[in-house]
Amino acid sequence: MNTDYQDPINSLNMPEMADMTFAMDFLLRAKEGVRNLSIALTETASPDVRALLRNHLKQGIAMHQEITELMIRKKWFHPYELNEQYQLDQLSAKNTVMIGQMNLFPGDTSRKGMFDRTPDEHIGGNKA
């Protein structure tokens, strides 16, 4: 394993993993919103407020469905294939533990001597 966490090779597949994580968080937040709106709807007596909450609830359910369909299409969520979802959850847990064990702030972060030339060498170096 490469222990230089600033090396760009360590960011392979990171955008996809981040997208999957953000989508799952968004899905959970949408679900939480639906639940909270349902509770508020049962606690409200005003017909106008009930109509408003019912409208928001319908929108929240539709948004939850859209997010779920996107995640299924992207293969980030497998609600009907529990074995595949379990494997995905195991990979996520493994990555979480691995990231938690990284020494993200090593003592020496110097990059001096790692490059074969200075960035402006092609235009005359510091004479440009």
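Read the figures in this text as sums done on the coordinates, not as results from a lab. For clarity, every value in this text was computed on a predicted model and none was experimentally measured. When we count neighbours, we look across all protein chains shown, and the Cβ atoms used for this are built from the backbone with ideal geometry, even at glycine.
See the values below:
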{"item": "Kirkwood hydrodynamic radius of segment 1-94, from inverse mean 1/r over distinct Cα pairs, in Å", "result": "15.9"}
{"item": "Burial order of peptide ranges 77-89, 52-64 (average beta-carbon count within 10 Å, highest first)", "result": "52-64, 77-89"}
